[in-house]
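Down below is the structure, laid out as structure tokens.
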Amino acid sequence: MATKAYTDSPAAREALQRRTLRVVMTSQVFGGAGLAAGVTVGTLLAADMLGTSSLSGLPVALFTAGSAAAALLVGRLSQRLGRRAGLTAGYAAGAIGGAGVVLAAAVDSVPLLMVFLLVYGAGTATNLQARYAGADLVGPQRRGRAVSSVLVATTLGAVAGPNLVATTGDLARQVGIPALAGPFGLAAIAYALAGAVLFALLRPDPLRISRRIAAAEPPDTAAAGPHPTSAGGPTTAGGPTTAGGPTAGGVMAGATTMVLTQLVMVAVMAMTPIHMRAHGHDLHATGLVIAVHIAGMYLPSPLTGLLVDRVGRVPVAVASGLTLLVAGVVAASAPTDSVAALALALALLGLGWNLGLVSGTAMVTDALPLQTRASTQGAVDLCVALAGAGAGIASGLILSATSYATLALGGGFLALAIIPLIARRRPADATVSPG
């Protein structure tokens, strides 16, 4: 369909938005499986290959560092060539990284493991960048729900991934590869499929179309992106003032929320498999707890998106900090033999992350003009990923020096920093005019 049809017809824009969401959500089912499989066993594989648990946070740090670099590159590529090119390239790199980790485990090479964990991180970055593609064609009043639609699709693959750990491990063992490398083989296949879906079906490109729509609209509405594809609902607290244009305060508030929630989530999540193995839990139990955690990360997204659009970005961001504190307290007090208690703690940890990610994403996207949106989103995700990488390294050291309970409580109280930092946001950044 010609671009002019999207410019002139709200119905055509609505149809394109629905199609874009279907395609991105389909890719996210595969992408979620790729993400979750590696997260579940990465720390255990490293502990076995390195011969020590003190550096067991290194895999999370490495693929999170890789995701940081990839976030910037995928964002810049998307800015120049569109979401389709950027996201496809990111998933291709993630697939190569997953296959490389299998190779490194097969030949027992720690240097190769380090290199390919970095490359594997590109898949993680691309999973997160895909949420922006779901929001390119909508206005502020529907942005939270658009982001949440993409995130909830990740749940299907993300919950299935950890529960396939034992099966893929058995398959790997049968061909002479360490069992813990098996899930990375699944990740390689899943990321390759996610990239193939986007490459084949994400046409026309939502970011390119949104720019052309915005160029045809009056300047005061173009700053915040294309006009909503349908009625966006009531005025939303926590969005931009369209009359005032993009706001630096909105970018900083959103980025701060996402950085802190990512830091706390990664630190506690990464050490949970190590903590569980130390107390006699097997891979089935570990996979179950991580599956529940990832369900908490993505499954609440529709409700979160609705709250972000109706209640406001800032209240949901504050709720994320409080939820992460509760998660830390529950994890610290959970009996070491209770899988159910750990699963509850990790579910709350995932929920706190979800509240922070959706509200932070909406704040950042609200505040950015289309001319620089994708590249700046990539830079924000770079900061988020670097926070996760630092948390991955620090968490292993903290666990070795103190205890899992100390790590969990410390993370919970750190999450409370979101509240005063968000409270400093300027009043001008707290309202949005009806779109």
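Results, tabulated for the structure shown:
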{"item": "Test: Leu198 is in a helix (DSSP H, G or I) and in contact with a Phe, Trp or Tyr (Cβ under 8 Å, 6 or more places away or on another chain)", "result": "yes"}
{"item": "Where Leu299 falls short, out of the listed (1) over 17 Å from the mean Cα position of the chain (by Cα); (2) under 23 Å from Ala340 (Cα atoms)", "result": "(1)"}
{"item": "Top-ranked residue of the stretch 338-375 - restricted to ones that are at pLDDT 90 or above and β-branched (Val, Ile, Thr), ranked as surrounded by the fewest Cβ atoms within 10 Å (Cβ to Cβ)", "result": "Val339"}
{"item": "In the stretch 37-60, the residues that are within 20 Å of Ala188 (Cα to Cα) and modelled with pLDDT under 70", "result": "Ala37, Gly38, Val39, Thr40, Val60"}
{"item": "Options Ala391, Ala374, Ala362: the member that is within 14 Å of Leu260 (Cβ to Cβ) and touching a residue at least 24 places away in the same chain (Cβ under 8 Å)", "result": "Ala391"}
{"item": "Candidates Thr26, Thr20, Thr88 - the one that is closer than 28 Å to Ala343 by Cα, part of a helix (DSSP H, G or I) and at pLDDT 90 or above", "result": "Thr26"}
{"item": "Residue in the stretch 208-225 that is among the hydroxyl-bearing types (Ser, Thr, Tyr), surrounded by fewer than 23 Cβ atoms within 10 Å (Cβ to Cβ), assigned to a loop (DSSP other than H, G, I, E, B) and at pLDDT below 90 present", "result": "no"}
{"item": "The lone exception for Leu128 - which of (1) aliphatic (A, V, I, L, M); (2) closer than 28 Å to Arg310 by Cα; (3) at pLDDT 90 or above it fails", "result": "(3)"}
{"item": "Count of residues meeting criterion [over 30 Å from Ala179 (Cα atoms) and of a type in the set (Ser, Thr, Tyr)] in the stretch 75-105", "result": "1"}
{"item": "Residues of the stretch 393-418 classified as in a helix (DSSP H, G or I) and surrounded by fewer than 16 Cβ atoms within 10 Å (Cβ to Cβ), total", "result": "4"}
{"item": "Among the residues listed as Leu151, Leu180, Leu186, the single one being within 18 Å of Met297 (Cβ to Cβ) and part of a helix (DSSP H, G or I)", "result": "Leu151"}
{"item": "Check on Asp337, among the charged types (D, E, K, R) and more than 20 Å from the chain's Cα centre (by Cα)", "result": "yes"}
{"item": "Checking Ala331 against (1) crowded, with 21+ Cβ neighbours inside 10 Å; (2) closer than 15 Å to Ala267 by Cα; (3) under 19 Å from the mean Cα position of the chain (by Cα); (4) aliphatic (A, V, I, L, M), the condition it does not meet", "result": "(3)"}
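One line per residue, one yes/no per condition, for (1) more than 17 Å from the chain's Cα centre (by Cα); (2) under 30 Å from Met363 (Cα atoms):
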site: Ala70; (1), (2): no, yes
site: Leu73; (1), (2): no, yes
site: Gly82; (1), (2): yes, yes
site: Thr88; (1), (2): no, yes
site: Ala105; (1), (2): yes, no
site: Pro140; (1), (2): yes, yes
site: Arg143; (1), (2): no, yes
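The values are calculated or read from the model by the stated rules, or taken from the named source; none is laboratory data. Everything numeric in this text was worked out from a predicted model, so none of it was measured. All Cβ positions, even for glycine, are placed from backbone atoms using ideal geometry, and neighbour counts span all protein chains on display.
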